[in-house]
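Inspection log for the structure reproduced underneath, given as structure tokens.
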Amino acid sequence: YDLLHTHGTPQEDDAFLKISMPFDQFIDRRIVIDKYLKDYYCKRYPIDPGRIDVIYNGISDESYGHAKELAARPRGPYSPQSRICIAYVGRLDTDKSTMRLIKIAKRCGDAKIPIKIEIYGDGPARHDMEQCARNYGILGSLVQFHGFVDSPLEVMAVADFTILTSNAEGIPMSVLESMSCG
């Protein structure tokens, strides 16, 4: 099987499709995330459409009942004294542009916007992010690092909203998961 979730950005010029083509003879079935990608793939490359299945990339509501219950709990009314909880759940790496989280927190703090960015995840950029937050004087006050979590949906469900900092994504699972939590 081959699972393809995007054809890539225009700068990549179909890199994902081109990379998989030499292996076509060894692949029984290809899975793509939507009909557009299947049609695109078949028009540009010598692929048998009968060997491509479309499995839409989505989240079943039944799978996340507990998180939906948490999201349905009433939240207190917003007031200038309350803090908005922004959750980031994902890998901390340069390709995810996660340093933006620290810069957002700093700018919000400078503007007296009452937020707290809760960062769940780990990766090679974490040390530099923590150091930058420490240098700005916002580590622990506006930015909190929690590391890897086993139940990211519960984190998303209790946050006021989630944030994605990447420049480009295929279909980001964190956005779909966040939406499934309300």
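Above 15 angstrom, tally the Cα pairs of the stretch 99-182 and express them as a % of all pairs, no decimals. Mind showing how you got there, number by number?
Details: 2106 of 3486 pairs.
In whole percent, the share of Cα-Cα pairs in the stretch 99-182 beyond 15 Å is 60.
Under 13 Å from the Cβ of I104, count the other residues' Cβ atoms, weight Lys and Arg +1, Asp and Glu -1, and hand me the total.
Values: positive: R100, K103, K106, R107, K116; negative: D110, E118.
Net charge in that neighbourhood comes out at +3.
Taking 7 Å along the Cα-to-C-beta vector as the label spot, tell me the M173-D160 distance in nanometres, rounded to one decimal.
Label-label distance for M173 and D160, simple model: 2.9 nm.
Over the heavy atoms of S178, what accessible area does a 1.4 Å probe trace out, to the nearest 10 Å²?
20
Apply the Karplus parameterisation 6.51 cos²θ - 1.76 cosθ + 1.60, with θ equal to phi minus 60°, to every residue of the stretch 127-137 and state each ³J(HN,Hα) to the nearest whole Hz, in sequence, with x for glycine and proline.
4, 5, 5, 4, 5, 5, 4, 5, 4, 6, x
At 7 Å along Cα-to-Cβ for each site, give me the label-to-label distance between D34 and R107 in nm.
In this crude spin-label approximation the distance works out to 2.8 nm.
Give, rounded to the nearest 20 debye, the magnitude of the charge dipole that the stretch 127-182 has about its Cα centre when Lys and Arg contribute +1 at Cβ and Asp and Glu contribute -1 at Cβ.
Roughly 160 debye, rounded to the nearest 20.
Using θ = phi - 60° and the Karplus relation 6.51 cos²θ - 1.76 cosθ + 1.60, list the HN-Hα couplings for the stretch 49-55 in order, rounded to whole Hz, with x at every Gly or Pro.
Each residue of the stretch 49-55 in turn: x, x, 9, 10, 9, 9, 10 Hz.
Give me the lysines in straight-line cross-link reach of K112: C-alpha distance below 19 Å, same-chain residues under 8 apart excluded.
K103
Please sort by residue number the chymotrypsin sites (Phe, Trp or Tyr not before Pro) in the stretch 94-149 whose DSSP state is loop and whose Cβ has at most 16 other Cβ atoms within 10 Å.
Values: sites: Y120, Y136, F145, F148; in loops: F148.
Passing sites in the stretch 94-149 are F148.
With every protein chain present, what accessible area does E12 have (1.4 Å probe, heavy atoms only), rounded to the nearest 10 Å²?
80
Can you list the residues, at least 5 places off or on another chain, whose amide H is less than 5 Å from the amide H of I84, using H built in the peptide plane?
So I84 has HN proximity to I115, K116.
The values are calculated or read from the model by the stated rules, or taken from the named source; none is laboratory data. Everything numeric here is computed off the predicted structure, so don't read it as measured data. A quick note on method: Cβ atoms are made from the backbone with ideal geometry, for glycine too, and the neighbour counts reach across all protein chains shown. When the accessible area is computed, the model is the full protein with side chains, heavy atoms only, and any ligands, DNA or RNA have been set aside. Shrake-Rupley method; radii C 1.70, N 1.55, O 1.52, S 1.80 Å.
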